[in-house]
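S.K.: First the structure, which I've put down as structure tokens, then a few questions once you've had a look.
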């Protein structure tokens, strides 16, 4: 009999188990080793027409691990990766874990201020960074000294073609600002040095930390979600179990994953980078999906793509490119929408053009990320975020902390083996987002129906979601308040055709000569692109409560 408190179980696709089994694995290292042993001659990654086999990935990541161990770092040391989707990301990510260390994923577009905060908060010992962004770290290197900086380039791992790529990037497109980091080593240099050292396999367990995945959580400044080996490993298997019915529709010798989303983001990290390894798949790496001409050309050359994870804004942008109409997806098995709310109009257009419905899922960095997802067997977009994945419970709680009836809105709360161990060095923040019985409070408002399907209604907090990335008004307001001439400020999200939402700032000037241009220039220096206000409104005052708290809600209602 189905437990009445878990109505979703009766609607599980045939063959999907109610629980998830991770027995046989002591850590993610075992999962990686299994792939290396099973598929040594298969291609693991493709980047700019260069292939890396599982055997080569095994060897390179082992050498990178040996190099890091030779630096004499403490077990569990944090190593930051600031890379787009290049071969070096996969090698470094696996190498860091194989060294017994913790991966700290960093958005490559971060400003010096944002990078400094994350490196200091995580107490990172080393940084792997693309040369295009090396100048950003250079600005703060004196304040955030690291044991080692490993600098790489877009072409470093792809031989002769790489030399051409680097020449164009550096000298024609001028995409590498001047930088100087004394004592740095190149990525190939690190691999070469590591090959001369012995790799000591660490005694890693499921309860060891694998990733510090930075997120705004549900409020405030960026926090490091502590994701254990158990969390990611479980979530990869949960995702695999849910994909399996869709994968059985067509026999494929090797699954091909399109990695257009950045793998430093938790969605692509789990659904592409690690799940791809688990399945012995080929990861087709897209370093810059915003180069739509190049991206569409890549899609045309890869009719073998089976798994396409994306976000609403990416699907929408492709649909608005005339050239995309000529792209065909004859082998697509699953198109997964996540990272932000899917719009029905976009999902319907996508299915009409590609023949593939978008199966929307839901999760957060704190849930590794997948908590709910639609079956890939759906015939059309559902408007729901699907059912809780195997071994996962979702409840909808009212303001009083009591579960609400089906069909009533409340906060989506999640319990399962993929839920984080807490926020790094922030016990109070952790306590605030967990219920006494172990449910993570998502901060999102949703409605669950009697079949266990959940629909997102709104966000509890004032978070703004720009192209799938969380923007927290507190952080933007803090930066705006540093501008000379700003008396008061408030930030909200407004609908935006390109990015889903955009940041809008309301400013009360102390100095009337302060201009919109000066504010935008300051934000460019201190905030990465998606966090910057796209609209600025000057006001004589801001609406407040009787104790002086600014009412963002009233600004939104305007």
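FYI, it's all coordinate maths here, none of it is from the lab. All values derive from a computational prediction rather than experimental measurement. Please note: Cβ atoms are built from the backbone with ideal geometry, for glycine as well, and neighbour counts cover all protein chains shown.
S.K.: Which three extents, in angstrom, do the Cα atoms of the chain have along their principal axes, listed largest first?
M.R.: Projected onto its principal axes, the Cα set of the chain covers 67, 64, 50 Å.
S.K.: Simple spin-label model, 7 Å along Cα-to-Cβ: residue 23 to residue 304 in nm?
M.R.: Inter-label distance under the simple model: 3.7 nm.
S.K.: Turning to a different aspect of this structure: Does anything in the stretch 475-489 have its amide N under 20 Å from the 7 Å Cα→Cβ label point of residue 517, and if so which residues?
M.R.: 483-486
S.K.: Here's a follow-up. Can you tell me, using C-alpha contacts under 8 Å and at least 6 residues apart, the relative contact order of the stretch 396-459 as a whole percent?
M.R.: For the stretch 396-459, the relative contact order is 35 percent.
S.K.: So what is Rg over Rh here for the stretch 13-98, counting just Cα atoms and using Kirkwood for Rh?
M.R.: Rg divided by Rh gives 1.05.
S.K.: Another question, then. Can you put 199, 242 in order of Cβ neighbours within 10 angstrom, beginning with the fewest?
M.R.: Final ranking by Cβ density, sparse to dense: 199, 242.
S.K.: Next question, about the same structure. With the alpha-carbon atoms as the only input, what is the per residue convex hull volume for the stretch 192-289 in Å³?
M.R.: Hull volume over Cα atoms, normalised by residue count, gives 180 Å³.
S.K.: On to the next question. Once R0 is set to 35 Å, what does the formula 1/(1 + (r/R0)^6) return for the Cβ-Cβ distance between residue 397 and residue 180, expressed as a FRET efficiency to the nearest 0.05?
M.R.: The value I calculate is 0.10.
S.K.: Using all alpha carbons of the stretch 464-557, what is the percent of pairwise distances in each 5 Å bin, ordered from the shortest bin to the longest?
M.R.: 3, 14, 26, 25, 19, 10, 3, 0
S.K.: With each run of n ≥ 4 DSSP H residues scored as -39500 (n - 2.57), what mean residue ellipticity at 222 nm is computed for the chain after dividing by its residue count and rounding to the nearest 500 deg cm²/dmol?
M.R.: -8500 deg cm²/dmol
S.K.: Would you calculate the separation in nanometres between label points at residue 352 and residue 437, each defined as 7 Å from the Cα along the Cα-to-beta-carbon direction?
M.R.: Using points 7 Å along Cα→Cβ, the separation is 4.6 nm.
S.K.: Could you give the length gained on full extension between residue 170 and residue 70, defined as 0.36 nm per residue of separation minus the Cα-Cα distance, in nm?
M.R.: Length difference between fully extended and current span is 32.8 nm.
S.K.: Follow-up. Taking N as the number of residues in the stretch 396-459, what value does Rg over Cα atoms divided by 2.2 N^0.38 Å take?
M.R.: 1.16
S.K.: Something else now. Explain nothing, just the number: relative contact order of the stretch 464-557, from Cα pairs under 8 Å at least 6 residues apart, as a whole percent.
M.R.: Relative contact order here is 29 percent.
S.K.: Give, in nm to one decimal, the length gained when the segment between residue 328 and residue 195 is fully stretched (0.36 nm per residue of separation minus the Cα-Cα distance).
M.R.: Difference between extended and current length: 43.6 nm.
S.K.: Note down the relative contact order for the chain as a percent, whole number, built from C-alpha pairs under 8 angstrom at least six residues apart.
M.R.: Dividing the mean separation by the residue count of the chain yields 13 percent.
S.K.: What share of the DSSP beta bridges in the stretch 320-470 is antiparallel, in percent to the nearest 5?
M.R.: 90
S.K.: Then there is this: What is the list of residues in the stretch 471-496 whose amide nitrogen lies under 18 Å from a point 7 angstrom out from the Cα of residue 508, following Cα to Cβ?
M.R.: In the stretch 471-496, the label zone of residue 508 (backbone N under 18 Å from the point 7 Å along Cα→Cβ) covers 474, 477-492.
S.K.: So how do 420, 463 line up by other beta-carbon neighbours within 10 Å, fewest first?
M.R.: If I rank by nearby Cβ atoms, fewest first, I get 463, 420.
S.K.: If you count the DSSP beta bridges with both ends in the chain, what percent of them are antiparallel, to the nearest 5?
M.R.: Antiparallel: roughly 55 percent of the beta bridges in the chain.
S.K.: Another one. Cα gyration tensor of the stretch 171-248, axes a ≥ b ≥ c as square roots of the eigenvalues: rounded (a/c below 1.5), prolate (a/b > b/c) or oblate?
M.R.: Because a/c hits 1.5 or more and a/b exceeds b/c, the stretch 171-248 counts as prolate.
S.K.: Computed over the Cα atoms of the stretch 313-372, what is the convex hull's projected area averaged over all directions, in nm²?
M.R.: Average of the hull's projected areas for the stretch 313-372 equals 4.4 nm².
S.K.: Along the three principal axes, how long is the stretch 50-204 when you take its alpha carbons, biggest first, rounded to the nearest angstrom?
M.R.: 46, 37, 23 Å, listed from the longest principal axis down.
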